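Asks: If you scroll down you'll find the structure; I have some questions about it.
The values are calculated or read from the model by the stated rules, or taken from the named source; none is laboratory data. Note that this is a predicted model, so its numbers are computed, not measured. Ideal geometry is used to build each Cβ from the backbone, glycine not excepted, and the neighbour counts take in all protein chains shown. Surface accessibility is based on the protein's heavy atoms, side chains included, excluding ligands, DNA and RNA. Shrake-Rupley method; radii C 1.70, N 1.55, O 1.52, S 1.80 Å.
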Amino acid sequence: MLKRLLKKKSKGDASIMALGLFMIILISIALMFTVFYRIILNRVQSVQDDVTLSNLAVYKNIDLDVLGQDGTLKISDPNAAFETFKKHLETNMKLDFNLNGLAGSAADGQVTIDEFTIYNVKDNSVDIWAYNSGTHMFTESTADKSLNVVKTTDNSIVNNTSVHATIKFNTDILFGQKKETSISVDTDIVK
């Protein structure tokens with residue numbers, strides 16, 4: 001019976017075979033794009049974790065004298081805090097000392113630190129240290145929490161001493177194309 005079915009020729013066998021092959025190729029391409037998209041999302045999530053860990057490392061620069069006197073978390077030296085952040089970002093993201101991506105890094109090319117801000121909270125005031133990437137210096141300002149709600153650029157309310165950082169970098173996507181990616185993270189060690 002099987003021999004008889006194999007010998008039997010019917011019209012449309014070649015077209016059904018071509019259509020089947022085309023569908024298999026189409027499904028394979030769709031699956032390939034899905035897998036690559038998932039890999040890119042995982043890479044971006046990994047970088048967000050790297051920035052969060054770099055932000056958390058800044059808390060090693062807490063002024064221990066102020067903490068011992070009145071129990072207030074305060075980062076007194078923003079330059080030391082920025083260097084701590086940068087050093088840990090290099091390690092976490094596999095960057096060289098100029099913030100260029102090394103082998104195995106999610107960054108293709110240079111990573112730029114667009115924003116690095118420290119919010120020191122004491123009672124009803126917030127001292128804000130904002131890094132200016134153009135001048136490589138910090139500017140200081142003070143906000144009164146009793147007059148208005150202090151928020152980070154990610155729209156998070158500042159209740160405790162916090163660190164905010166935003167970085168930008170290029171990452172490889174499909175077929176050698178690059179995409180600029182921005183990661184913005186707030187960390188509050190008390191939460």
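Asks: Determine, yes or no, whether Ser54 is under 22 Å from Ser184 (Cα atoms), small (Gly, Ala, Ser) and in contact with a strand residue (DSSP E or B) (Cβ under 9 Å, 6 or more places away or on another chain).
Replies: yes
Asks: Can we say Ile27 is open to solvent by 50 Å² or more (accessible area, probe 1.4 Å), aliphatic (A, V, I, L, M) and modelled with pLDDT of 85 or more?
Replies: Yes.
Asks: Which count do you get for residues in segment 75-94 that are under 17 Å from Tyr131 (Cβ atoms) and either basic (Lys, Arg) or touching a Cys at 6+ places or on another chain (Cβ under 8 Å) (or both)?
Replies: Total satisfying the criteria: 2.
Asks: Let me ask something additional. Which one of these is open to solvent by 20 Å² or more (accessible area, probe 1.4 Å), out of contact with any Lys or Arg (no Cβ under 9 Å at 6 or more places or on another chain) and not hydrophobic (A, V, I, L, M, F, W, C): Asp114, Asp144, Asp127?
Replies: Asp144
Asks: Can you go through Asn79, Asn55 and tell me which one is open to solvent by 60 Å² or more (accessible area, probe 1.4 Å), modelled with pLDDT of 90 or more and of a type outside the set (Lys, Arg)?
Replies: Of Asn79, Asn55, the one residue that is open to solvent by 60 Å² or more (accessible area, probe 1.4 Å), modelled with pLDDT of 90 or more and of a type outside the set (Lys, Arg) is Asn79.
Asks: Right, something else. Identify the residue in segment 148-160 that is open to solvent by less than 90 Å² (accessible area, probe 1.4 Å) and touching a strand residue (DSSP E or B) at 6+ places or on another chain (Cβ under 6 Å) and, among all such residues, is farthest from Glu115 (Cα to Cα).
Replies: For segment 148-160, the residue satisfying everything is Asn160.
Asks: Here's another thing I want to ask about it. What pairs can you find where one residue is in segment 83-106 and more than 13 Å from Asp49 (Cβ to Cβ), the other is among the basic types (Lys, Arg) and open to solvent by 50 Å² or more (accessible area, probe 1.4 Å), and their Cβ atoms are less than 6 Å apart, with a gap of 6+ or different chains?
Replies: Close Cβ pairs (under 6 Å, with a partner that is among the basic types (Lys, Arg) and open to solvent by 50 Å² or more (accessible area, probe 1.4 Å)) amount to Leu102/Lys94; Gly104/Lys94; Ser105/Lys94.
Asks: Quickly run through segment 161-181 and pick out the residues that are open to solvent by less than 20 Å² (accessible area, probe 1.4 Å), in contact with a Phe, Trp or Tyr (Cβ under 8 Å, 6 or more places away or on another chain) and under 15 Å from Tyr37 (Cα atoms).
Replies: Thr181
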